[in-house]
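Chemist: Dropping the structure in here first, questions after.
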Amino acid sequence: MGYQSLEACVADLEKNGHLVRIREEVDPYLEMAAIHLRVFEHEGPALYFEKVRGSRFPAVSNLFGTLDRSRFIFRDTLDKIKTLVDLKTDPVKAIKSPFKYLNVSMTALSALPLKTGRQAPINFGRTKISELPQIVNWPMDGGPFVTMPQVYTEDADKPGIMNANLGMYRIQLAGNDYVQDEEIGLHYQLHRGIGVHQTKANAKGMPLKVSIFVGGPPSHPLSAVMPLPEGLSEMTFAGALGNRRFRYFYDEEGFCISADADFVITGTVYPYQNKPEGPFGDHLGYYSLVHPFPLMKVHKVYHRKNPIWSFTVVGRPPQEDTSFGALIHEITGSAIPTEVPGLHEVNAVDAAGVHPLLFAIGSERYTPYLNERKPQEILTIANHILGKNQLSLAKYLFIAAKEDNPALHTHDVARFLTHVLERIDYTRDLHFHTNTTIDTLDYSGGSLNAGSKVVFAAAGEKKRELWQEVPESFSVPSIFRGHKLAIPGVLALEAPAFVSEEETEEQIEILYKHLRSEDLSGMALIVLSDDAGFTAESINNLVWITFTRSNPSNDIYGIGSFIRHKHWGCRGPLIIDARKKPHHAPELIKDPKVEKRVDRLGEKGGSLYCII
């Protein structure tokens, strides 16, 4: 029937062996996050922290840590929800098969948000920001953050819950210049619904009312991260997925309150009032640095009886948000291709941090009367993708033609890369977008939100047989410290530490002169890296290093490169400089002392014995 509360979900998970209790007192500074990360790495259960130092409230994490556990949580509604999203994406299906979709349509109607009285569970008590679990995930974080929030805002032009936005944007609870218990930081990235709401509120010269929900039935946080079809609100989706209508009321100050949340923080964001927010260890595997972001003036902090603080930990993928992504793909897999004509499949590659790397498969049907197939329609599709909501944040887009291999899938990362690299014509098939926006969390571009994009488009027959191993006769100049084949045709080349783009160009010229007499037909890509062994160790390492540490317009070079009619190309292998640069954010590194404390929980008698 669905859960009425987070507490009910926790009890059900524990009863069915999907959750363990951490009985020992734990430190919210680094230790709780380290425990979560260790258990996630072992594909372990959800975690209930009974004693959080400095707070009277318990906490839960790793609820969605495996796809199987997420399926278990939503076992009663998942199939119906997939059909609902499918129907919302293509309403004509209901006309073609009315009886098939009748039950699902009724589900959507019965899931509409329900306005209740103020005598709701959330109105049990009040607390302060400083009394909440002050969880700090990484050593350089600027303070404690809310990492599983549901941030609710309304449209100033069309107020009310049906036009509201519910998103998951991190919240800094303390640190920096925030006044304790009175101010918190609100961080959100480009292409987020809250940005539209703040723009409209600013235009009217009025503060934006913000309600931050934490906890509640598990369908609520999931709905906050769902890329839903136009016209399907997050609150309606939460009701349908949770088999229980999203219940809410407005308090005496006019803030929307989720009746079944565990905590609700209300506050206002005034036009152009910002404070430094961050750093924060983020899901690309690096820190987001300190930047001015909206300041939220705290009004009240509500909590229900026996509340549970819900949190997660993000870092270099895979993490719990990876499992979130897998569940989202399972629910909405067909939605995006339906919205883009000719698109069959799209995958924001998790191992590369999601937005830096996008794979897509499209149809190539523009000139079926010609024997040679080349990228034409898939370029139109690529432009459509790069203009589509959060997909527009992609930095590298690799797109292939469905007709070349109908069995190809974007989720087989190594195979998909190989398919594209076998077919791409570097003199023709690279298309750059310079001086544009990229993901807020990506610092490869040199400044916040700024960088470039490139499309790798491949269609037609194979153009090269990729090296399966490096030829014995192959060598590189002495300035390079070593090399290793990562996947067929892709060479990780260990280079001196980055100094400047000018020096990089000199190094590549030395490499070009050394290699110009070599047969390089089987090598498609050279990745300059700080550690060739690490880069080539796994496909996950390869895509993480290559695509998070490079900005296409600045860091792509090529053997025999040229510019003709403003089009850049190269006649030999492509080179991507994926070394660390001075403007890059530092990567996330665990604290060894904290890791030793976590080890003790795995010893006999510890709460995580036989789990870690």
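The values are calculated or read from the model by the stated rules, or taken from the named source; none is laboratory data. Because the structure is predicted, anything quoted here is derived from the model rather than measured. Positions of Cβ are backbone-derived with ideal geometry, glycine not excepted, and every protein chain shown enters the neighbour counts. Areas reflect the complete protein model, heavy atoms only, side chains present, ligands, DNA and RNA absent. Shrake-Rupley method; radii C 1.70, N 1.55, O 1.52, S 1.80 Å.
Chemist: Working only within the stretch 317-331, note down all residues that are of a type outside the set (A, V, I, L, M, F, W, C), assigned to a helix (DSSP H, G or I) and open to solvent by 20 Å² or more (accessible area, probe 1.4 Å).
Modeler: Within the stretch 317-331, Asp321, Thr322, Gly325, His329, Glu330 qualify.
Chemist: May I pose another question? Please tell me if Pro229 is at pLDDT below 95 and surrounded by fewer than 24 Cβ atoms within 10 Å (Cβ to Cβ).
Modeler: It is true that Pro229 is at pLDDT below 95 and surrounded by fewer than 24 Cβ atoms within 10 Å (Cβ to Cβ).
Chemist: Hey, can you tell me all the residues within the stretch 496-547 that are touching a strand residue (DSSP E or B) at 6+ places or on another chain (Cβ under 8 Å) and among the β-branched types (Val, Ile, Thr)?
Modeler: Thr504, Ile508, Ile526, Val527, Thr535, Ile539, Val543, Ile545, Thr546
Chemist: Yes or no: Tyr169 in contact with a strand residue (DSSP E or B) (Cβ under 6 Å, 6 or more places away or on another chain) and in a loop (DSSP other than H, G, I, E, B)?
Modeler: Yes: the conditions hold for Tyr169.
Chemist: Among the residues of the stretch 117-138, write down those that are in a loop (DSSP other than H, G, I, E, B) and either surrounded by 15 or more Cβ atoms within 10 Å (Cβ to Cβ) or on the phi > 0 side of the Ramachandran plot (or both).
Modeler: Of everything in the stretch 117-138, those that are in a loop (DSSP other than H, G, I, E, B) and either surrounded by 15 or more Cβ atoms within 10 Å (Cβ to Cβ) or on the phi > 0 side of the Ramachandran plot (or both) turn out to be Ala120, Thr127, Leu132, Pro133, Gln134, Ile135, Asn137, Trp138.
Chemist: Still on this model: Considering only residues of the stretch 235-262 that are surrounded by fewer than 24 Cβ atoms within 10 Å (Cβ to Cβ) and acidic (Asp, Glu), which is farthest from the chain's Cα centre (by Cα)?
Modeler: Among them, the one singled out is Glu252.
Chemist: Give me the residue from the stretch 403-453 that is aliphatic (A, V, I, L, M), within 21 Å of the chain's Cα centre (by Cα) and in a helix (DSSP H, G or I) and, out of that set, farthest from Pro488 (Cα to Cα).
Modeler: Going through the qualifying residues, I end up with Val413.
Chemist: Filter the stretch 15-29 down to residues that are touching a residue at least 24 places away in the same chain (Cβ under 8 Å), open to solvent by 70 Å² or more (accessible area, probe 1.4 Å) and either among the basic types (Lys, Arg) or closer than 30 Å to Gly2 by Cβ (or both), then give me how many there are.
Modeler: Looking only at that region, the number is 3.
Chemist: Scanning for something closer than 29 Å to Thr548 by Cβ and not in a strand (DSSP E or B), does the stretch 262-276 turn up at least one residue?
Modeler: Checked the stretch 262-276: no residue is closer than 29 Å to Thr548 by Cβ and not in a strand (DSSP E or B).
Chemist: OK, next. Give me a count of the residues in the stretch 332-371 that are open to solvent by less than 40 Å² (accessible area, probe 1.4 Å), under 26 Å from Leu37 (Cα atoms) and part of a helix (DSSP H, G or I).
Modeler: Number satisfying all stated conditions: 2.
Listed here are the residues, each with its yes/no results for (1) small (Gly, Ala, Ser); (2) touching a residue at least 12 places away in the same chain (Cβ under 8 Å).
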site	(1), (2)
Gly353	yes, yes
Arg365	no, yes
Pro368	no, no
Thr380	no, yes
Tyr396	no, yes
Ala401	yes, yes
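Chemist: Residues of the stretch 526-560 being surrounded by fewer than 24 Cβ atoms within 10 Å (Cβ to Cβ), more than 23 Å from the chain's Cα centre (by Cα) and of a type outside the set (Gly, Ala, Ser), which ones?
Modeler: Asp530, Asp531, Phe534, Glu537, Asn554, Asp555, Ile556, Tyr557, Ile559, listed by residue number.
Chemist: Between residues in the stretch 303-316 that are farther than 18 Å from Pro139 by Cβ and open to solvent by 20 Å² or more (accessible area, probe 1.4 Å) and residues that are in a loop (DSSP other than H, G, I, E, B) and modelled with pLDDT of 95 or more, which pairs lie under 6 Å by C-beta distance while being six or more apart or on different chains?
Modeler: Arg304/Asp262
Chemist: Report the residue count in the stretch 161-186 for those that are small (Gly, Ala, Ser) and open to solvent by 20 Å² or more (accessible area, probe 1.4 Å).
Modeler: The number of residues fulfilling the criteria is 1.
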